[in-house]
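Take a look at the structure set out below.
FYI, it's all coordinate maths here, none of it is from the lab. The structure displayed is predicted, hence computed values, not measured ones. Counting neighbours? That spans all protein chains shown, and the Cβs are built from the backbone with ideal geometry, glycine included.
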């Protein structure tokens, strides 16, 4: 097993190789991704924190069992997000609950980025957006919510989103434009209620 400092400096691809050689090194991949993936799961679903942890555990089991199949032509982060995406869908079907998203802290920079991208005015509107972002996301169809979460909250680029949801990049761009439009409509509908 390598030491923690070397693991922190290693790339994902290097950690995958190390984990294939020594299963104890898989822990470093878990440490690197557990918080990000847990936040991603909670942003997409309406499950309890304990259930989100269970989904995450299932994700890491699948990652571990399929690590030999990882194609290093892809980014590891895209691959593990894809597995998480599939596990969330599987869990969603099992529970027959519509994902609506739990509130997870949103940084001002993320809210500003989303607001600028969907043409929402700054100031008070940003405060309303930040306080209600998950309520708005919860009203969107799952496919639109997911691309917005991946782009703005998970900060994935078009290629990574394409790899995760298995759609061409052009389709991702179209879905993002439509998602931003639907998000904007929901935002202004919510704002008019104030």
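Structure above, values below:
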| quantity | calculated |
| --- | --- |
| Pair residue 4, residue 35: separation of 7 Å Cα→Cβ label points (nm) | 1.3 nm |
| Computed label-point distance, nm, for sites residue 61 and residue 167 using a 7 Å Cα→Cβ extension | 3.0 nm |
| Whole-angstrom gap from region 141-194 to region 54-72, using each part's C-alpha centre | 26 Å |
| Residue exposure sequence - 1, 175 - by fewest surrounding Cβ within 10 Å | 1, 175 |
| Whole-number D in µm²/s for region 8-95 (Stokes-Einstein; Kirkwood sum over Cα pairs; 20 °C, 1.002 mPa s) | 161 µm²/s |
| Evaluated at q = 0.17, 0.25, 0.27 Å⁻¹: base-10 log I(q)/I(0), Debye formula over Cα of region 127-194 | -0.58, -1.05, -1.17 |
| Calculated FRET value between residue 22 and residue 53, using beta carbons and R₀ = 30 Å, to 0.05 | 0.70 |
